[in-house]
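Everything on this sheet refers to the single structure shown next.
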Amino acid sequence: MKQERVILSFIMVLIGLLVAGLAFYFYQSTKVVSDRSNASIVSTPTPTTAPIIFLSISNPINESVVSNKTLTVSGKTEPEATVIVITESGQQVLQPSSQGDFSTTVILSDDQNLITVWALTPNGESTSIQKTVTYSMENF
């Protein structure tokens, strides 16, 4: 009788494992698996070429404070470039000398003034520099 119980217990364990395996199989087959891959697309940045055009501003100095309402903007760029000086009061188009020097005067408004100087070459390249100049009548 003991031997029959051991065999019967063994058969019941096998039947239980078989039923549990089938239940697990059917459960897994009804699940919807979403594609959650951790692979991310890495885009390689393409380097931008620096403009070949040269532009430097010798006057005014950035973030300077001046007491004269008239300011001279001067600098150097490519001789064949066109220079555009943009201020709050307007814009001026200049042609530099054969050495690339340019100079113009602008009228400042009260307080802070943003001066943008653009240099454009005939082949379409451009570069710009911004300077901030503050007009004040205060004595420092």
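The values are calculated or read from the model by the stated rules, or taken from the named source; none is laboratory data. Because the structure is a prediction, the values reported are computed rather than measured. With ideal geometry, Cβ positions are generated from the backbone for all residues, glycine too; neighbour counts draw on all protein chains shown. Side chains are part of the model used for accessible areas, which takes the heavy atoms of the whole protein and leaves out ligands, DNA and RNA. Shrake-Rupley method; radii C 1.70, N 1.55, O 1.52, S 1.80 Å.
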(request) Any chance you could run the full-extension gain for residue 53 through residue 1? It's 0.36 nm times the residue separation minus the Cα-Cα distance, nm to one decimal. (result) 8.5 nm
(request) Report the extension gain between residue 109 and residue 31 in nm, rounded to one decimal, defined as 0.36 nm multiplied by the number of residues separating them, less their alpha carbon distance. (result) 21.0 nm
(message) Angle check, please: helix 2-30 long axis (alpha carbons) against the longest principal axis of the chain (alpha carbons), in degrees 0 to 90, nearest 10.
(response) 30
(request) Show that you can apply the helix-only estimate: for the chain, add -39,500 (n - 2.57) for every DSSP H stretch of four or more residues, divide by all residues, and state [θ] at 222 nm to the nearest 500. (result) -7500 deg cm²/dmol
(message) Counting heavy atoms of the protein chains only and a 1.4 Å probe, report the per residue accessible area for the chain as a whole number of Å².
(response) 76
(request) State log₁₀ I(q)/I(0) for the range 1-138 at q = 0.10, 0.19 Å⁻¹ as given by the Debye formula over alpha-carbon point scatterers of equal weight, solvent excluded. (result) -0.55, -1.06
(request) Sort the following peptides by mean Cβ neighbour count (other Cβ atoms within 10 Å, averaged over residues), highest first: 95-106, 79-90. (result) 79-90, 95-106
